[in-house]
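The values are calculated or read from the model by the stated rules, or taken from the named source; none is laboratory data. Just so it is clear, the model here is predicted, and its values are computed rather than measured. Surface accessibility is based on the protein's heavy atoms, side chains included, excluding ligands, DNA and RNA. Shrake-Rupley method; radii C 1.70, N 1.55, O 1.52, S 1.80 Å.
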Amino acid sequence: MSHPRQRQSNKSHSRSGRERSGQSGRGRSGPRQAPALRPEVDAQQLTLEIDSLNSEGQGVARRGRDVYFVPGALPGETVEVQLDGRRKKIWYTRLRQVISPAAERTEPHCRHYQRCGGCDMQHLSYDAQVNAKQARVEREFQRQHIEVECWQPAITATPWHYRRKARLGVRFSKADERNFIGFREAASSHISDIDQCPVLVDHPALDWQAWRDCISSLAGRDRISQIEMIDADNALALILRELKPLSSDDRQALCDFIQTFPTTDKPLQLWLKTDTNYHCLFPQNSPDTLFHRVQALELNMALDDFIQVNAGVNRQMVDQALDWLNPESDERIWDLFAGHGNFSMPLATRSQQVTAVEVQDSMVSSLKRQAEKLALPLLGRKADLSQPGCLADLPQPDAVLLDPPRAGAAEVAAELIRRRVPKIVYVSCDVATLARDLAQLTSAGYQVVKAGIMDMFPQTHHVETMVLLRYSPG
């Protein structure tokens, strides 16, 4: 069997590609760079038996004390690899051939899969992807001695055309006299030139070959470094990042181009971005404010807001969080790391005392405007949740929902322990920091009542997890 994910070079290089699937927005990190390796081998090849997957979704093989990481390999497979080097007792390799494929192996759906760094699990059938993510979360919990009374069924939605926000890199190559548009390769700043992406929402305007031709025809074709797409419920917005201002002729050419796409039930918006400033090119009159619906609420979205990229999973996630919290109208609820109100606005339809906490003044102001527009009894508060004592001046809550970035919520956990908050729902995009924080909470008298994974990023190794905890001392 041929190599399912061969890393190949690309003539285009850029440091402006997208964040890894997982992703775009608040606290989500970009591609992990390969560790510094000891170049002790020269194209040495080995045949290995893969016994498991690591946290990055790579195959793991063992020989004596040595461990081998094999991207693209699956448990139960016999593979031929090339050694790239090692760090301590871990060898990093490239997959050359699958000699004996696993039953769960499948043909990648995307023709750019061999080079693009975005979706690293397309060679694994979708049901097996979900099972692998469940096993990974359980493994991390076991390492921290976290016991779960009840595992809930995984929350899933469509495995393709689910992603409603993404950022593509753009670079003009003088050597080729053309622009490259695409996503970064794995652990690299190289851009993989792509035409279509099957995990992005399906819309005629997401034809990257057409965008490549358009941008390459501009006089300022070297002045655009990124294209970002946001699929709201009422419009599809495309934002071009300018390195230097485009000429009026180039701007008109972009306006003409955006109008060449077939009309659908979702209108288009085209924006230019310089640093943090946005200018709407199309429509030229005032564009509609973007929004997405959560529990029948229309939540406004700024172009730079963090939103969960999978609308179908997000709706189920919010439903489950409210079901687990089951707040009474007189209960005081904290929503920590509240973002633009994805959880706190629906919570405020159940409770009269919801406090949404964020670190930036602009985000707090956005929460207040959102609550006012929806006529909801929500209080927006500013606090740096990475600092000790950040919540000391807030009144005692009956329940807390927190959805932190990858770094987790160690200081918040300490405050919740100090207050002995009766009920906590913890939503996490990083299972390692989640398990660390759960160990802190459970050692102080909390019990994990329920837990479940949410497949927010199909075709990737990333996984979201939700946990319900109750304070139960002694």
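General observations
- For residue 224, residues with placed amide H under 5 Å, excluding near neighbours: 243
- Antiparallel bridge percentage (DSSP; both residues within segment 225-383; nearest 5): 50
- Gyration tensor verdict on the chain (Cα atoms; rounded if a/c is under 1.5, prolate if a/b is larger than b/c, oblate otherwise): oblate
- Looking at the chain alone, DSSP beta bridges between its own residues are antiparallel in about 70 percent of cases.
- Å² of accessible area per residue within the chain, as computed with a 1.4 Å probe and no ligands counted: 43
- Once the mean of 1/r is taken over each pair of separate Cα atoms and inverted, segment 149-204 shows a Kirkwood hydrodynamic radius of 14.0 Å.
- Whole-Hz couplings from phi, Karplus 6.51/-1.76/1.60, listed for segment 299-306; x for Gly and Pro: 9, 5, 10, 7, 4, 9, 5, 6
- Ligands, DNA and RNA left out, the accessible area of the chain computed with a 1.4 Å probe is 45% carbon and sulfur.
- Estimated [θ] at 222 nm from DSSP helical runs (n ≥ 4, -39500 (n - 2.57)) normalised by residues in the chain, nearest 500: -6000 deg cm²/dmol
- Segment 128-134 - phi-based ³J(HN,Hα) in whole Hz, Karplus 6.51/-1.76/1.60, Gly and Pro as x: 5, 4, 4, 5, 5, 5, 4
- Computed from phi, the 3J(HN,Hα) profile of segment 264-279 under the Karplus parametrisation 6.51, -1.76, 1.60 (θ = phi - 60°) reads 10, 6, 10, x, 9, 10, 10, 10, 10, 10, 10, 6, 10, 9, 10, 10 Hz, with x in place of Gly and Pro.
- Residues whose amide H falls under 5 Å from that of residue 85, counting only those 5 or more places apart or on a different chain, are 92, with hydrogens built in the peptide plane.
- The Rg/Rh ratio for segment 182-314 is 0.95, where Rg is the radius of gyration of the alpha carbons and Rh is the Kirkwood radius.
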